[in-house]
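Please treat every number below as a calculation from the coordinates, not as lab data. Everything numeric in this text was worked out from a predicted model, so none of it was measured. Reconstructed Cβ throughout: ideal geometry from the backbone, glycine too, with neighbour counts over all protein chains shown.
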Amino acid sequence: MSFNPLTEKGIPLDQQLRNWSELNIQPYNKQDVHPYTRTRIITMNGIEVESIFFSHQFARHTSDPDIRKYLAQTRRIEQQQQKAINWLSPGDESPLETTIGYEQVAVDLTAYLARVEPNPYLKQAFEFGLLEDFDHLYRYANLLDLLNGKKAEKLTGDLTEIMPGRATADEHRHPIDEVRQPSDSKKADPFSLLHTMTLVAAEQQTMNFYMTVGNQPMHPLARGLYLEIAEIEEQHVTHYESLLDPTISWFQRDVLHQYNECYLYYSFMQQEPDPRIKQLWELHLNMEIEQLRLACDMLRKYDGKEPEEFLPSSISEPVKFQENKDYIRQVLKDQVNLTGDEIKFVPVSDLPENHRYFQYQETVNQGGVPSQQVIEQHEQQMGNDYKMTTEGKSPLVGV
Ligand SMILES: [Fe+2]
Ligand SMILES: [Fe+2]
Ligand SMILES: [Fe+2]
Ligand SMILES: [Fe+2]
């Protein structure tokens, strides 16, 4: 079965506005929500946040009143969509519990997109990021157990293993070693571009979330861990956004954003086991189909371009949240020792002794590293670190 949002009929924009009680949606029950329902919610919240900030940036770069009014109207609906989605998260889910969900998104969404990625450079870039968020999940899981006596597997289920990845302490790199080779959208598979945009949005929302909630805990170790990992999320946003094609127009970008929203709502609607949330994905898909139509009209009017020139002809494979355990173990075994050297990914041992990586490491990691301290304290207080494995020992030596 394939799906083409360009030929579907959506909900007219003037019928998309909802009232407060429709938006103040009943949150999910954190005791019985499916882990991948939580990750789909986190992902779509990030996608809507990106669509809103993209639209604001676009509006700040044009003086044409018609374009500004068009953007204001669709943006107001994107804002309502963001509220309906993010308000599904219940008040009794702590920021640290939600954080576990954010890192589960970063692990399983990135792993899935890396697995299906045809371009070898992008695949490598996705796998590179994957191992880092995989380690963040382990560090935060240890913090959750240490501070609250809660096991992260209560949130992640047995779908995602929790164990060391590329050590967070080793991930701190000089900013210029985070800037990658941009894609050329004229040559690239359109799905590669959409998948990269999805990762940019997910990592950006993770960055925003840690920037906001990271100073809320009382415990200095928790505050330290959030600020350390928040800096890696800045690196990840730089890493993924630098892979995008920077030469395309604002109108083309707008179309791609709306198309990607259609693609993801369509994907998640197929897999959602909770009928109430499935209905929300379907409603939002029908809104996005119309937003896409409007964006395509703007593209034709201002760029003189047809959307079919750069969009996929149809969607046959949805984006999936699924288990990626064996795949992640293989990437871990093969790539844990990699670092960034400008646009390249190289083993740390290949860097010359005077490389800026070592100076950067020395500067930020002197005086103690929260991501290591959380494990040391867990070991001291509970005899060992917290892990959740279903497939046996870690492929890494000494772990
Ligand atoms: Fe949206
Ligand atoms: Fe992360
Ligand atoms: Fe990340
Ligand atoms: Fe949209």
Pairs with Cβ under 6 Å, 6+ apart, first in the stretch 224-235 and closer than 14 Å to V364 by Cα, second hydrophobic (A, V, I, L, M, F, W, C) and more than 16 Å from ligand 1 (Cβ to nearest atom): L225/L143; L225/V374; A230/M211
Within the stretch 63-81, tally of residues that are more than 14 Å from ligand 4 (Cβ to nearest atom) and touching a Ser or Thr at 6+ places or on another chain (Cβ under 7 Å): 1
Pairs with Cβ under 6 Å, 6+ apart, first in the stretch 12-29 and touching a residue at least 40 places away in the same chain (Cβ under 8 Å), second in a loop (DSSP other than H, G, I, E, B) and not hydrophobic (A, V, I, L, M, F, W, C): P27/P90
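Would you be able to say whether some residue in the stretch 251-259 is more than 16 Å from ligand 1 (Cβ to nearest atom), in a helix (DSSP H, G or I) and out of contact with any Ser or Thr (no Cβ under 6 Å at 6 or more places or on another chain)?
yes
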Some residue of the stretch 321-335 being part of a helix (DSSP H, G or I), among the basic types (K, R) and surrounded by 15 or more Cβ atoms within 10 Å (Cβ to Cβ): yes
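In the stretch 30-54, how many are more than 16 Å from ligand 3 (Cβ to nearest atom) and either within 18 Å of the chain's Cα centre (by Cα) or touching a residue at least 24 places away in the same chain (Cβ under 8 Å) (or both)?
Looking only at that region, the number is 15.
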Test: P182 is of a type outside the set (A, V, I, L, M, F, W, C) and within 19 Å of P120 (Cα to Cα): yes
From the options I67, I100, I77, I85, residue that is more than 16 Å from ligand 1 (Cβ to nearest atom), β-branched (V, I, T), over 15 Å from the mean Cα position of the chain (by Cα) and buried (at least 17 other Cβ atoms within 10 Å of the Cβ): I67
Residues of the stretch 155-188 satisfying the condition of being assigned to a loop (DSSP other than H, G, I, E, B), surrounded by 16 or more Cβ atoms within 10 Å (Cβ to Cβ) and not hydroxyl-bearing (S, T, Y): L159, E161, M163, P164, G165, R166, A167, H172, R173, H174, R180, A188
Residues of the stretch 92-146 satisfying the condition of being part of a loop (DSSP other than H, G, I, E, B) and touching a helix residue (DSSP H, G or I) at 6+ places or on another chain (Cβ under 6 Å): E117, N119
E282 being in contact (Cβ under 8 Å) with a residue 12 or more places away in the chain, surrounded by fewer than 20 Cβ atoms within 10 Å (Cβ to Cβ), within 16 Å of ligand 1 (Cβ to nearest atom) and part of a helix (DSSP H, G or I): yes
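Looking only at the stretch 19-59, count every residue that is assigned to a loop (DSSP other than H, G, I, E, B) and hydroxyl-bearing (S, T, Y) and tell me the total.
Total satisfying the criteria: 1.
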Positions within the stretch 260-274 being within 21 Å of I52 (Cβ to Cβ), away from ligand 4 (no atom under 13 Å from the Cβ) and out of contact with any Phe, Trp or Tyr (no Cβ under 8 Å at 6 or more places or on another chain), in sequence order: S267
Top-ranked residue of the stretch 236-274 - restricted to ones that are within 16 Å of ligand 3 (Cβ to nearest atom) and surrounded by 22 or more Cβ atoms within 10 Å (Cβ to Cβ), ranked as farthest from Q124 (Cα to Cα): H236
